[in-house]
Amino acid sequence: MSSLFEKVQKQKTKFIFVTGGVCSSIGKGVLISSLGVLLKNSGYSISVAKWDPYLNVDPGTMSPLVHGEVFVTEDGAETDLDLGHYERVLGVYLTRDSSVSSGQIYQEILDNERKGKFLGRCIQVVPHVVDAIKNRLFNFALKEKTDFILIEIGGTVGDMEGLPFFEAIRQMKMEFGRHKLMHCHLSYVPLLPWTGETKTKPTQHSVVALKTAGLTPDALFLRSEKKISENAMKKLAMMCEVDRDLIFQVLTFKPSWQLFFALQDQKVNERIQEWFGVRKIKKANLNKWLKLLDIIKDSKKGIKIALIAKYVGSNDPYISIVQAIKTAGYHYKKDVEIVVIEAEGLEKTGYNGTSASWKQLKSVDGIVIPGGFDARGVKGKIFAARYAREKKIPFLGLCLGMQIMLIEFARDVLKLKGASSTEFDKDTKYPVISLLEEQKGVKKKGGTMRLGAYPCTVLPKTLAYKAYKKDLVKERHRHRYEFNNKFKDVFEKKGIVFSGIYKAKNLVEIAEIKNHPFMVGSQFHPEFKSYPLTSHPLFDLFMKAVINKK
Ligand code: GLN
């Protein structure tokens, strides 16, 4: 046994693994964050990790349409959106150590192979890949030193890529024994619309698939649309070899915070503590969340915010922004409706046109332009920024959104014809957004942007200051291009205030337009630091402006 293992064994940390069965998108992230909330609010310290079996090194280079939003941690890791759920709900900062993929594991092993560390030996999935996975977790545990670590295994049992991760769990179960580790399996129980019945057979099959990998789950969580009968639960206990007491139901809730209470009612918290042999079982205090649910219940409809999107169909590419807007709304007891408008739809009929997208835009009370890459939809976004400026509609531009706001201002107010970002027009005469020298030679795609938290000095007597009420804040970045300081003077002369600056490099972090109720853009992504229990200052002031205007 490795000395790492021995150190972890002596440490108090206990591990809870969550695997998924039947199909993806059944809410492992939501389940893990709910278990985390119950344990944390019972007084335990917790940390969270996500193991993604895919071969990409990180999701930074994956399409948001396929994989959802790329969430950025304080230390600049580009991670899965589930880490965003965990941070928001658990109020913790995670780091790159929380995000592990097969790609990283293989990269590490192959780097070592090239360095000659395996000389003479044949590298195999067992033991080398599995050991590398376990060592990642052991090092993480030694660093975090928390009471519990919750680990989500991405994908679905039966996926080939997942096997080394399942093998790692199997081995740890043998090595650590029962009181150190618990394996929870979340599975889907479909409801047949033609008979009105819920069906447990797919779950039984997914447990068979787990058993093929050498794992019998310790607890089952059943995601379903309808309550599952006691008979069916007993049958599952028998067929899957899981104690009836450790089978729980996960119904669909909106907002998902209600799941904390549903799990609490089923005594999940107590059962987990019993599993680990805790003698004095602690109860979770969920008062803060109860209050939030009451506020949500009391919140009134009537406010509409446009999100000018490149990707339409699912909200996953913008999940942190959607959450940040909703949270700011609830702070003012408003149940905000988010109208996702396809940026390209604003292009077809020209500025202030008649397309369905323009009809949508004309009906909203506030406009948000999210981050994004490449030229698709940029023209429509510029139209939306112009509309917000001219009609004095509260506007919040996030990363690309700030760049768009400044490009629009340059073209329309400063009359710099064809002003652009060199991202969209390499040869523009007026590169108001451009690459820093240090980015110019960068060819590699993964992890090479300005990533993670940077300090931003906030200028007094600005909207930004009114929002933050602080001289110095730290916000997270994920971009390559920056405002070009050569144009600073002309912008300032015509009414732009650069209200946030990254002093060390003199980079614009926040820009705002004078004589407008609220037109603010940030080069960073404030949405990554908005929490359901505390709305983010920029989103909050934006929402206040929206409500005042209405
Ligand atoms: N594409 C822009 C850049 O790289 C904006 C990125 C973003 O919005 N996250 O600077």
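The values are calculated or read from the model by the stated rules, or taken from the named source; none is laboratory data. Just so it is clear, the model here is predicted, and its values are computed rather than measured. Neighbour counts run over all protein chains shown; Cβ positions are idealised from the backbone, glycine included.
Points to keep in mind about this one:
- Unmet criterion (only one of (1) within 32 Å of the chain's Cα centre (by Cα); (2) within 16 Å of the ligand (Cβ to nearest atom); (3) among the β-branched types (Val, Ile, Thr)) for Val458: (2)
- Tally, over region 504-522, of residues that are in contact with a Gly (Cβ under 8 Å, 6 or more places away or on another chain) and either among the acidic types (Asp, Glu) or within 16 Å of the ligand (Cβ to nearest atom) (or both): 8
- Helices (runs of 4 or more DSSP H) fully within region 1-104 that include at least 3 residues being in contact (Cβ under 8 Å) with a residue 24 or more places away in the chain and crowded, with 23+ Cβ neighbours inside 10 Å: 28-40, 81-90.
- Qualifying residue in region 349-364 (condition: in contact with a helix residue (DSSP H, G or I) (Cβ under 9 Å, 6 or more places away or on another chain), closer than 21 Å to Val520 by Cβ and of a type in the set (D, E, K, R)): no
- Checking each residue in region 485-503 for being surrounded by fewer than 19 Cβ atoms within 10 Å (Cβ to Cβ) and either polar (S, T, N, Q) or within 14 Å of the ligand (Cβ to nearest atom) (or both) picks out only Asn485.
- Within region 381-403, residues that are acidic (Asp, Glu) sit with their Cβ atoms under 9 Å from residues that are more than 13 Å from the ligand (Cβ to nearest atom), at 6+ positions apart or across chains, in these pairs: Glu390/Asn352; Glu390/Asp412.
- Condition broken by Arg376, with the remaining ones in (1) touching a strand residue (DSSP E or B) at 6+ places or on another chain (Cβ under 6 Å); (2) within 21 Å of Val70 (Cα to Cα) satisfied: (1)
- All positions within region 409-437 that are more than 15 Å from the ligand (Cβ to nearest atom) and within 17 Å of Gly521 (Cβ to Cβ): Phe409, Ala410, Arg411, Asp412, Val413, Leu414, Ala419
- Residues located in region 461-480, provided they are within 16 Å of the ligand (Cβ to nearest atom) and part of a loop (DSSP other than H, G, I, E, B): Arg480
- Hey, Val242 assigned to a loop (DSSP other than H, G, I, E, B), surrounded by 18 or more Cβ atoms within 10 Å (Cβ to Cβ) and not acidic (Asp, Glu) or not: yes
Rundown of residues vs (1) within 16 Å of the ligand (Cβ to nearest atom); (2) at pLDDT below 95; (3) polar (S, T, N, Q); (4) out of contact with any His (no Cβ under 8 Å at 6 or more places or on another chain), yes/no style:
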site	(1), (2), (3), (4)
Val339	no, no, no, yes
Thr354	no, yes, yes, yes
Gln360	no, no, yes, yes
Gly372	yes, yes, no, yes
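- Verdict on Lys445 being within 16 Å of the ligand (Cβ to nearest atom), assigned to a loop (DSSP other than H, G, I, E, B), out of contact with any Leu (no Cβ under 8 Å at 6 or more places or on another chain) and in contact (Cβ under 8 Å) with a residue 60 or more places away in the chain: yes
- Residue in region 292-315 that is under 21 Å from the mean Cα position of the chain (by Cα) and on the phi > 0 side of the Ramachandran plot present: yes
- None of Lys359, Lys429 is surrounded by fewer than 24 Cβ atoms within 10 Å (Cβ to Cβ) and within 21 Å of Val336 (Cβ to Cβ) except Lys359.
- Residues that are outside any strand (DSSP E or B), within 29 Å of Ile319 (Cα to Cα) and aromatic (Phe, Trp, Tyr) within region 481-531 comprise Phe518, Phe524, Phe528, listed in sequence order.
- Here Tyr531 passes the criteria (1) within 16 Å of the ligand (Cβ to nearest atom); (2) within 29 Å of Trp289 (Cα to Cα); (3) surrounded by fewer than 17 Cβ atoms within 10 Å (Cβ to Cβ) except the one numbered (1).
- Count of region 245-257 residues which are in a strand (DSSP E or B) and acidic (Asp, Glu): 0
- Those helices (runs of 4 or more DSSP H) lying entirely in region 125-233 with at least 2 residues crowded, with 21+ Cβ neighbours inside 10 Å and touching a Cys at 6+ places or on another chain (Cβ under 9 Å): 201-212
- The set of residues in region 205-241 that are without any contact (Cβ under 8 Å) to a residue 24 or more places away in the chain and among the polar types (S, T, N, Q) comprises Thr212, Asn231.
- Residue selected from region 381-406 under the condition of a type in the set (A, V, I, L, M, F, W, C) and more than 16 Å from Lys514 (Cα to Cα), by the criterion farthest from the ligand (Cβ to nearest atom): Phe383
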